[in-house]
Structures are given as structure tokens and as C-alpha cells.
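Written out below as C-alpha cells is the structure these notes cover.
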């Protein structure tokens, strides 16, 4: 009987080889995290130029549906992850908060581009830009760049998947303390 | 139509207009209270300027200047009309009834500079929040909460 430890990419758990097949021993948490991370549906939320890079990541050349982000839902009720691609202005901030509140648990947030991280090029001398999307909603992954390359967005999607599998996203940490 | 002909037509309606030909197009400098008359003449008269393609304002610290760029699709000539406004009470007649595009452009100048357009059908903020205080594109605009000075 051999014990095999699988790596991050495949199904989590330890396989016990028995005659006629095998038995996988795992924890529910890791199976649920694995399932959630491999099928994250993004909410289409592109306000600015980073939205074009996100669209290009979604289309044929740098496809992100290979990673499970197949359907970009327009409705927040059906989406798991919101990719904030673009500048958030003061007028857009309550809209973003409302969309985030409407998303169902578990939800994750990716801040794409310099504007969503910290206001970006509009940090100084502007009267209307929110200096970072994390003033409005809690963010899990930050992608630097102006705009970030599609490969950078893919790397961040993979990092978000790893973060979910490790149980370290804000949503999961909040859930642990919930009694 | 050449610049001389345009100058003649404008001067016949408005003798007090002055001209500046140093730029790319003929600049006509008028007084703000004569604007409506000359605008009607530009659209309907011999000049046939039917396309207002730019409407902005410039803040020189002592006064404001309204700038209108007009062109004619028939004769293919362009002029620029400038009118100086008082800093304390900037007011000028609207041209929405002459060129409909001015509705949105004048709303933007109103929210950014505070210029009051008389007889505008719907003068309110265009892009800023409805309760925004102050006029952002003026040189003396201060916003200590949002603006971080570099």
C-alpha cells in the first residue's frame, strides 16, 4: 500500500491504493476550496483602460476560461469574483459597494491596475478619484501595472486560486472567526 | 471665404469686434453682451457657420474667457470667438437655441467654472456629483480632503 501526496494542481487528498481501485482521504475544506477555486465566475466590471486588457485576457489569445473563469456574468448575484479593472471615481464608489454587497458569499476581489490599487496616476492633484479600491471593499489580490499585461492578470488569477486553496482569502479568514 | 471677407461681414453686424490673426484661425474678440447677436449672424447670415465644435472657458486669474470654435460645413472656414467674462459674476447668453450641441458643453462649463448661462433650458451639473461644492477647473480651487499636492 502506497501513500501518495498530490501537489497543488490536482485533487487534494491522499490516495490509498487498494486492490480494485483506490481510496482518497481528504478534508472537506480542501475539497470545497479546490472546487471553488477552479470555477470562479467573474463579474464584468471594467471602468477604464484596464478593462480592455481584461477583455483581451478573456478572448482567444490569452484565454482565461481555461482556468475556470468561463462565464463572465453581468449580474452580481451569479458571480464569484469581481475584477475591479479601472479607475474608481467618487461617483462610482457607492455603485461598487452596492454591487459587492449584492454578490453572494463566498466572494473574492481582485484589484487590477494602478488606479484600483491606490489611485495610480491620479493620486496627486485630483478631486474626484478614490485613492484605491480598498477604501471601498476588501481586496484579495492586487495586480500592479498600468495596464497590467494579460499574462499578469492570468498570474493573478492563478494566485487567487492558490490563495483560495490555502484558505487565506479575506472571505475565508472572516468566516473562520464567525463562530 | 477668406479672412478679410469674414472680418467684413462680422464688422458690419458688430463694429466693436476686434481681430487677432496670429493663430491658425481668425480670432474674433467680442464683448460678452454682444454674443447672442453675433452668434445668430454667424449661423443664419452669409457665413453659414452651422457647426459649433468646441465650447470651453479659460481661467486667467483676473478674468475668465469663453472660447467658441465655429466652422461652416458649406464654405469650410473656421473662426474662433472669444468673450471676456468678469471673475466675480461670470454670465453670458446661452446659444442652445442656435446650436443644440451647446446644451451639454455649457453644462460642463457651468459645473467646472461656474459660468452662468442665461436662459439655458436645463443648467445643472453634468458629470460631477449633484452636491459637489466648488468649481474644479478654476485656478483658485482648493480641496484639502481629496487633492494631495505633489
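Here is the P(r) of chain B: all C-alpha pair distances, binned every 10 Å from 0, give 11, 40, 32, 14, 4, 0 in whole percents.
Taking a spot 7 Å from the Cα of residue B:63 along the direction of its beta carbon, which residues of region B:14-37 have an amide N less than 16 Å from it? Within reach of a label on residue B:63: B:16-20, B:28-35. In terms of its C-alpha gyration tensor, the protein assembly as shown has a prolate overall shape, because the principal axis ratio a/c (a ≥ b ≥ c, square roots of the eigenvalues) is not below 1.5 and a/b outweighs b/c.
For a modelled paramagnetic label at residue B:21, 7 Å from Cα along Cα-to-Cβ, the residues of region B:27-41 in reach, with backbone nitrogen under 17 Å, are B:27-29. To the nearest ten degrees, helix A:28-37 and the longest principal axis of the Cα atoms of chain A are 40 degrees apart.
For chain A, modelled as a GNM whose springs connect Cα atoms under 10 angstrom apart, the maximal fluctuation among A:83, A:164, A:23 occurs at A:23. Once the Cα atoms of helix B:3-13 and of chain B are each reduced to a long axis, what angle between those two axes, in degrees from 0 to 90 to the nearest 10, is obtained? That works out to roughly 80 degrees. Listed from fewest to most Cβ neighbours within 10 Å, the set B:64, B:26 follows the order B:26, B:64.
Once both labels are positioned 7 Å from their Cα atoms along Cα-to-Cβ, the gap between residue A:125 and residue B:53 label points is 2.9 nm. Just checking the listed ones, B:100, B:76, B:43: in the Gaussian network model of chain B with Cα springs under 10 Å, the one fluctuating most is B:76. Classification of region A:67-179 by its C-alpha gyration tensor yields a prolate form. The axis ratio a/c (a ≥ b ≥ c) is 1.5 or more, and a/b outweighs b/c.
Annotation: the residues B:147, B:89, B:49, sorted from fewest to most other C-beta atoms within 10 Å of their own C-beta, follow the order B:89, B:147, B:49.
Taking the C-alpha atoms only, the angle from helix B:35-44 to the longest principal axis of chain B is near 50 degrees.
Estimated from helical segments only, the mean residue ellipticity of chain B at 222 nm is -6500 deg cm²/dmol, where each DSSP H run of four or more residues counts as -39500 (n - 2.57). The helix-based estimate of mean residue ellipticity at 222 nm for chain A, built from -39,500 (n - 2.57) per DSSP H run of four or more residues and divided by its residue count, is -9500 deg cm²/dmol to the nearest 500. For the pair residue A:158 and residue A:32, label points projected 7 Å from Cα toward Cβ lie 2.8 nm apart.
Averaging Cα coordinates gives a centre for region A:71-115 and one for region B:1-37; these two points are 53 Å apart. The Cα-based radius of gyration of region B:1-45, divided by its Kirkwood radius, gives an Rg/Rh of 0.94.
Rule-based calculations on the coordinates, nothing more; no lab input. Small disclaimer: the values here were computed from a predicted structure and weren't measured. Virtual Cβ from ideal backbone geometry, glycine too; neighbours counted across all protein chains shown.
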